[in-house]
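Everything below concerns the one structure shown next.
The values are calculated or read from the model by the stated rules, or taken from the named source; none is laboratory data. Keep in mind that what you see is a predicted model, and the values were worked out from it rather than measured. Every residue, glycine as well, gets a Cβ built from its backbone with ideal geometry; the counts of neighbours run over all protein chains shown. For accessibility, only protein heavy atoms count, side chains too; no ligands or nucleic acids. Shrake-Rupley method; radii C 1.70, N 1.55, O 1.52, S 1.80 Å.
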Amino acid sequence: MKSLRALSDPTRLRIIALLEREELSVNELQEITRMGQSRISTHLGLLQEAGLLQSRRDGKRSFYKLQPDADGITLEFIQLAIRGAKELAEHKADQVNLKRILARRNEQAQVYFNQVAGRFDRSYGPGRSWQAFGHLLLRILPPLVVADLGSGEGLLSELLARRAKKVIAVDNSEKMVTFGASKAKKNGLKNLEFRLGDLENPPVEPHSIDLAVLSQALHHAQEPAKALQSVHKILKPGGQIMILDLAKHNFERAHELYGDRWLGFAESDLHNWLEAAGFKKVEINVVAREEQPPHFETVLASAEK
Ligand SMILES: C[S@@+](CC[C@H](N)C(=O)[O-])C[C@H]1O[C@@H](n2cnc3c(N)ncnc32)[C@H](O)[C@@H]1O
């Protein structure tokens, strides 16, 4: 009886016919049918009560669609309503307006992306972050044994530990190691171990590491070339080294501001030191440049034992 009563009104037949293919918001239904909000809402309420429609909220907007689980008599009622709506005088105009509203919906999304194309990579987008990209890229990694040398409190180590078999984070600052270890424990990362030590002679077994990472750490070493020789020793045959560091710069204040020993490195120096340490397949690229002065550039150097 409820369904029959719900279908005994031409406006409600129109609404059902409009929802045949697409979910629509109350505003969109208003615009298509040229009816006031309270009238539309009353009709929608009755149809929903009869089990013919389903609604969902998205922020302040309500969307309606035909009952997706409709079967048996409910499905027959819906089909009857759609057939009946075609006999109404408003049907043609409703369909034209529906098409227009749906086209505008698509355009609205496209207008935004057309506007930001060309600078989208540098602009804010909700949910887009390098951290999220990092997690995505990590899924591609096989489960490796990793050494993060000059790890600090473990920003990168923690990320790697979510995928790696084991991560050994080495730092010569007692406070960094204590803080990093307690954070790893709090985050339940049992495969992340912090060790106090020098990256020029890391407390790591020879030939035990698949991947050694030095992120903004090598410019703190007294003798970077010697540090790379030590890394070569701890790697398994075929193991990889990855260095993220600053390209050579002349921002002298980095010594006092950041405790840096070296003002970045020339790509040719990194190349020579890696080869001298016995590494093969050396690849070096500038991967980032800061927009603010002094425009620090980040170099990524990788090589294989
Ligand atoms: C700029 S932070 C980089 C931290 C981390 N790798 C990152 O990218 O977030 C440099 C870290 O290297 C550590 N460090 C400096 N000299 C070191 C050395 N000779 N051996 C081991 N760690 C060192 C510092 O204590 C500091 O935590």
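The residue pairs whose first member lies in segment 108-119 and is modelled with pLDDT under 80, whose second member is of a type outside the set (D, E, K, R), and whose beta carbons are closer than 6 Å, counting only pairs six or more residues apart or on different chains, are Val116/Ser123.
Applying the criterion of being under 32 Å from the mean Cα position of the chain (by Cα) and within 19 Å of Lys226 (Cβ to Cβ) to the residues of segment 249-280, the residue that is surrounded by the most Cβ atoms within 10 Å (Cβ to Cβ) is Leu270.
Selection of segment 163-193 for residues being more than 9 Å from the ligand (Cβ to nearest atom) and either touching a residue at least 60 places away in the same chain (Cβ under 8 Å) or within 19 Å of Met242 (Cα to Cα) (or both) yields Arg163, Ala164, Lys165, Lys166, Val167, Ile168, Leu192. Among the residues of segment 222-244, those identified as within 31 Å of the chain's Cα centre (by Cα) and either within 13 Å of the ligand (Cβ to nearest atom) or of a type in the set (Val, Ile, Thr) (or both) are Ile241, Met242, Ile243, Leu244. Scanning segment 74-104 for residues that are in contact with a Ser or Thr (Cβ under 8 Å, 6 or more places away or on another chain) and either acidic (Asp, Glu) or over 20 Å from Pro10 (Cα atoms) (or both), we see that the one that is least open to solvent (accessible area, probe 1.4 Å) is Asp94. Screening Leu156 against (1) touching a strand residue (DSSP E or B) at 6+ places or on another chain (Cβ under 6 Å); (2) within 13 Å of the ligand (Cβ to nearest atom); (3) open to solvent by 20 Å² or more (accessible area, probe 1.4 Å); (4) outside any helix (DSSP H, G or I) leaves a single unmet condition, (4). If you filter segment 205-219 down to residues that are open to solvent by 20 Å² or more (accessible area, probe 1.4 Å) and more than 10 Å from the ligand (Cβ to nearest atom), you find that the one that is nearest to Leu159 (Cα to Cα) is Asp210. Can you name the residue in segment 282-305 that is touching a Leu at 6+ places or on another chain (Cβ under 8 Å) and polar (S, T, N, Q) and is also surrounded by the most Cβ atoms within 10 Å (Cβ to Cβ) among such residues? Within segment 282-305, the match that is surrounded by the most Cβ atoms within 10 Å (Cβ to Cβ) is Thr298.
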